[in-house]
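Presented below is the structure to which this report refers.
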Ligand SMILES: Cc1cc2nc3c(=O)[nH]c(=O)nc-3n(C[C@H](O)[C@H](O)[C@H](O)COP(=O)(O)OP(=O)(O)OC[C@H]3O[C@@H](n4cnc5c(N)ncnc54)[C@H](O)[C@@H]3O)c2cc1C
């Protein structure tokens, strides 16, 4: 995850977006099916191991490159980009907090076989409070067992492993959690709810009763509190925001093409919608700078665990999520005003239906209220200047 010069990762993701994800996006959304074309292409181009260090055979890309690649893919299919983003979040957690030979070996295997990792953090009865678990790891010698009622596991049935949060042991309090790599060979997923949603339909985020066992070496050694603060939370908020930025860019393209078409009808005057487009562009630029700035910061702090664990950094990364979630809806709404009926229709080249539905996923993917409540608590003790 070294900083390094910008790579061609975004260009490769854009190609996959254009040739694999984009052409299938409508069917993926309509049928709420897994975007296997896009994920197959990501695998074929070894993009699933972009964040794995070179010493383990991976691409050792920066967070800025990964974020740019996610955005490039999201312009074509936000569900594909969200799967790509969520996988990379799990990889980032394993890379930074692995500390066991078994997890090193797993990452080597991930590189060789382009394995896909899903996530089960939320739990029935706990809601979106990622820092609490009710289920617990039960150890027996060198083996562990765990069972979790997970209301949402994106692409769970298509993944090669699921990183799952649980209490450290049955006596541990709800917040004393660990992260466990549950591999499909020793994992049972019994569906308990479907995924018929407004947006992000291709993430196939069904609910499951997850039952897993395995070697205790699959338990990430660092506490989940550290994993969450230093890696999972900031990388999630950055890469989710990168998906939403791609959606906002896609809406801008449609709005711009619509305005240009209007302008061609009356070359002597500037159409009224051009002013609205100028306003949209200002908001999109704000969003773009926000996401790129956060990516740069995350790369700069990559080796600074103290800074990553600071209250100031947590507040900033929470604010990133909430701001980006609001800005994407703002941009798409502005595009809808510009395109009018052409945007509202499902059968027009300017249609914004899927983009609008996907954009609203940003608000509930860890509810903005929950994140603002966390920030409100931290601000009570924040000294500033961090
Ligand atoms: C596209 C998509 C993919 C997802 N994929 C996954 C996945 O792969 N794995 C996974 O584990 N999860 C996943 N999730 C779940 C997600 O991360 C959240 O945990 C989940 O959406 C929260 O569910 P909820 O809104 O029902 O519950 P809650 O977070 O409990 O929110 C319900 C309501 O209660 C309010 N509320 C509750 N508690 C508080 C509080 N303390 N402060 C303020 N307000 C509060 C909220 O504002 C909201 O109105 C996904 C979600 C989406 C949209």
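Need one number: the % of Cα-Cα pairs in the chain sitting beyond the 27 Å mark. Write out the running numbers ahead of the final one.
Details: 35514 of 74305 pairs.
That tail contains 48 percent of the Cα-Cα pairs.
For the pair residue 370 and residue 54 in one chain, pulling the backbone fully straight at 0.36 nm per residue adds 110.1 nm over the alpha carbon distance. Could you state the number of Å between the C-alpha centres of the range 180-198 and the range 95-163? Centre-to-centre (Cα) distance: 11 Å. Per-residue extension of 0.36 nm, minus the Cα-Cα distance of residue 363 and residue 263, leaves a gain of 32.5 nm for this segment. Roughly how many Å is it from the Cα centre of the range 227-286 to that of the range 287-311, as a whole number? Between the Cα centre of the range 227-286 and that of the range 287-311, the gap is 23 Å. Taking the three principal axes of the alpha carbon atoms in the range 143-238, the coordinate ranges are 37, 31, 23 Å, sorted in descending order. Suppose R0 equals 35 Å. What FRET efficiency, 1/(1 + (r/R0)^6) with r the Cβ-Cβ distance, do residue 31 and residue 333 give to the nearest 0.05? Rounded to the nearest 0.05, the efficiency is 0.85.
When a/c is below 1.5 the answer is rounded, else prolate if a/b is larger than b/c, else oblate, so apply that to the range 192-320 with a ≥ b ≥ c taken from the square roots of the Cα gyration tensor eigenvalues. Note, shape of the range 192-320 comes out oblate.
Label the range 1-137 by shape, choosing from rounded, prolate and oblate, from the square roots a ≥ b ≥ c of the eigenvalues of the Cα gyration tensor; if a/c is under 1.5 it is rounded, and otherwise prolate applies when a/b is larger than b/c, oblate when it is not.
oblate
Shape of the range 67-147 from the C-alpha gyration tensor: oblate (a/c of 1.5 or more and a/b not above b/c, with a ≥ b ≥ c the square roots of its eigenvalues).
Computed from Cα positions, the angle between helix 311-339 and the longest principal axis of the chain comes to roughly 30 degrees.
Distance between the C-alpha centres of the range 10-73 and the range 358-386: 28 Å, rounded to the whole angstrom.
Normalising by the residue count of the range 27-104, find the relative contact order in percent from Cα pairs under 8 Å and 6+ residues apart. Here the relative contact order equals 25 percent. Sorted fewest first by neighbouring Cβ atoms within 10 angstrom, 76, 87, 36 come out as 36, 76, 87. With contacts taken as Cα pairs under 8 Å at a separation of at least 6 residues, the range 64-178 carries a relative contact order of 24 percent. Once both labels are positioned 7 Å from their Cα atoms along Cα-to-Cβ, the gap between residue 158 and residue 383 label points is 4.8 nm.
Could you list the square roots of 5 times each eigenvalue of the Cα gyration tensor of the range 18-75, that is, the equivalent ellipsoid semi-axes, sorted largest first and rounded to whole Å? Walk me through the numbers before you get to the answer.
Numbers: eigenvalues 126, 31, 13 Å².
They are 25, 12, 8 Å, listed largest first.
Give the calculated FRET efficiency between residue 309 and residue 171 to the nearest 0.05, with a Förster radius of 22 Å applied to their Cβ-Cβ distance.
On the way: r = 26 Å, r/R0 = 1.18.
The calculated FRET efficiency here is 0.25.
In the chain, the longest principal axis of the Cα atoms and the axis of helix 22-31 are about 70 degrees apart.
Our estimate of slack between residue 289 and residue 185, defined as 0.36 nm per intervening residue step minus the Cα-Cα distance, is 33.2 nm. The share of C-alpha pairs in the range 287-346 whose separation exceeds 19 Å stands at 47 percent.
FYI, it's all coordinate maths here, none of it is from the lab. Since the model is a prediction, treat every value here as computed from it, not as a measurement. Reconstructed Cβ throughout: ideal geometry from the backbone, glycine too, with neighbour counts over all protein chains shown.
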